[in-house]
Amino acid sequence: MVFSRCQREWRPADPKAEEKPVSGTIKLWPQVLVALTASLAHLSLGTVLAYPAIAVPQLTKPLLPELNRRHNATLRETYNQSQVGEAPPLVYLLDNSTESLDRLNYTLTPSSTPSSRLPRPHEVWLSHSQATWFASVHTTGAIVGSVVCGPLVSVMGQRRAILITSPFILASWLTIWAASLFSLLVSARLVLGICIGVTGTAAQIYNVEIAHESVRGSLTCLTDFFVGLGLLFTYALGMSGLEWRWTAFTLGLVINLPLTIGIAMFPDSPRWLATRGRKEDARKALSFLRGSSYDVSAELENIMKAGNGGSKNTLGQQVRSLKTPGVYMPFLTSCGLFVFTQFSGPYVMYSYTIYIFQAAKVGVSPYLSSVLVGVARVVGSAVGLVVVERAGRRPAMMVGGIGASLSLGCLGFYFFLQNGHGGVRFEQWLPLASMISYTLIVGATISPIPFLLSSELLPLSFRSLGSAVSKIVFYLASMVATCSFPTLKENLGPEVVFWLYAVSALSLVLLVWRTLPETKGRTLEEIEEYYKGLNK
């Protein structure tokens, strides 16, 4: 049964399958180089996640201290003129707020200076509700991108899907750089979300399918490592004092040009080529990825056998295959991992990092604290590259879920005491220590491994559609968590919110214990045969 306790040890479909013939020496550097390049797509994902933490504080209060003084003085002048019947100056409603976030902000300019009527770049303000949309709208776009990604990857392959999407990412960042209206800002963020929904899923599948089983876990988890690098890079730009427009300009150029140039130089996935019936191209791709001294014949035959008829599978046939336990069992497991992972709050932490530190009143600058969290994320992801292959997927997920729950519980306890409960004064280092420990644990375990498993567990004939749908579930859960955080925080208090995230992390542990087999060191074809064997 799906929800009975899952076995800890692997049961191969064929006992003789444990012994694999030696086919020569595999060169790792081609696979590493390809995986590093494809993972730049997730570097972009990290910047999209972290950018609101940098931009929203700048967009919700004036950058120039004299703006409010000039505003108040002009309002008084307008009132005095109205008392004597003079025409008041022209008032332009730009958008919204200062400290209270819901108070409107006006720019008043004399009618005799038409050129000054145009809003200047720094005069774009976001209300509380607009700031929430700006921070979370990318998840809506990512859902759309995940829907598009399935058929796009199936028809064109993962590599071409990334190539098609990359220019739109660059254009979106440049739109944010030049935008003077909220509608342009939120539209660009929406398009960014669509793009990362495509490139994130495509890059994940690509890395899984080009990697040998001996290094598949580490190479696939490189994508999460690059998410951490993107977070850190964005936080560092914010700490440097770079204005939000030029931060967007820098992020667009630095990340997307190397991705576009690099991914164009490498072959398509051998497994995608197999579903197209292109055996010779698949052989060439495998020879490049494994090295000329490695005999790819046996691996190629297994790939061609698994991909046989994959190009003829219609969308309807793939949907109907969900009736088979060998398809719906790994699919439901993958979706469950994403839901409980996101409800434990990682994307909330990344998007509201500075706000959380401001609310906690830590003794360290919130921007410096966010950089420390970014460093912890990168370090955790680097540790995860080793953990996923040494410890295995199951133990890492279970330990990570317990550790994340403890960190979230401590963070909630700090806010509980801060609100005057218990009469105990806690040092202000506790929220920073809790956030860093949480980020380290998440980066090493429960953040990268579900993405790896979503591609490992699904059979080849259902992988494009299944990965896309599971990513839709992921982004839906992320959107719910991110959008609900401000409301839950106001109505329940931050301590209760973080405790709810801790409960979700423990639920993740239970799900892994019940349903997840260990996939370390197994080929994708062996994993597929394992699930088929459960129905016999």
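The values are calculated or read from the model by the stated rules, or taken from the named source; none is laboratory data. Fair warning: this is a prediction, and the values are worked out from it, not measured in the lab. Ideal geometry is used to build each Cβ from the backbone, glycine not excepted, and the neighbour counts take in all protein chains shown. Quick note on the areas: whole protein, heavy atoms, side chains included, nothing else; ligands and nucleic acids left out. Shrake-Rupley method; radii C 1.70, N 1.55, O 1.52, S 1.80 Å.
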Which numbered condition Ile446 misses (of (1) open to solvent by less than 10 Å² (accessible area, probe 1.4 Å); (2) part of a helix (DSSP H, G or I)): (2)
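Residues that are open to solvent by 10 Å² or more (accessible area, probe 1.4 Å), at pLDDT 90 or above and farther than 26 Å from Ala444 by Cβ, at least 1 per element: which helices (runs of 4 or more DSSP H) completely within region 157-275 meet that? Spell out how you get there, then give the answer.
Numbers: elements: 158-178, 182-210, 216-239, 244-263, 270-275.
Helices (runs of 4 or more DSSP H) meeting the threshold: 158-178, 182-210, 244-263.
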Condition check for Ile205: under 30 Å from Gly277 (Cα atoms) and without any contact (Cβ under 8 Å) to a residue 40 or more places away in the chain: no
Verdict on Glu526 being surrounded by fewer than 20 Cβ atoms within 10 Å (Cβ to Cβ), touching a residue at least 40 places away in the same chain (Cβ under 8 Å) and in a helix (DSSP H, G or I): yes
Check on Val375, among the β-branched types (Val, Ile, Thr) and open to solvent by 10 Å² or more (accessible area, probe 1.4 Å): yes
Hits in region 384-410 - residues which are open to solvent by 10 Å² or more (accessible area, probe 1.4 Å) and at pLDDT below 90: Leu385, Val386, Val387, Glu389, Arg390, Ala391
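Is it the case that some residue within region 352-372 is over 27 Å from Tyr235 (Cα atoms) and open to solvent by 50 Å² or more (accessible area, probe 1.4 Å)? Give the derivation first.
The initial filter retains those residues of region 352-372 that are over 27 Å from Tyr235 (Cα atoms), namely none.
No, the conditions are met nowhere in region 352-372.
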Residue under evaluation Leu458, criteria (1) crowded, with 22+ Cβ neighbours inside 10 Å; (2) within 17 Å of the chain's Cα centre (by Cα), criterion not met: (2)
Some residue of region 488-500 being hydrophobic (A, V, I, L, M, F, W, C), buried (at least 19 other Cβ atoms within 10 Å of the Cβ), modelled with pLDDT under 90 and touching a helix residue (DSSP H, G or I) at 6+ places or on another chain (Cβ under 6 Å): no
Residue within region 513-522 that is open to solvent by less than 30 Å² (accessible area, probe 1.4 Å), in contact (Cβ under 8 Å) with a residue 24 or more places away in the chain and under 18 Å from the mean Cα position of the chain (by Cα) present: no
Residue that is in a helix (DSSP H, G or I) and in contact (Cβ under 8 Å) with a residue 60 or more places away in the chain, where the choices are Ser434, Ser461: Ser461
Pairs with Cβ under 6 Å, 6+ apart, first in region 368-390 and assigned to a helix (DSSP H, G or I), second at pLDDT 90 or above and open to solvent by 40 Å² or more (accessible area, probe 1.4 Å): Ala376/Ile436; Ala376/Leu440; Gly380/Leu440
Residues being free of Cβ contacts under 8 Å to residues at least 60 places away in the same chain and either closer than 18 Å to Tyr347 by Cα or not in a helix (DSSP H, G or I) (or both) - total across region 396-406: 2
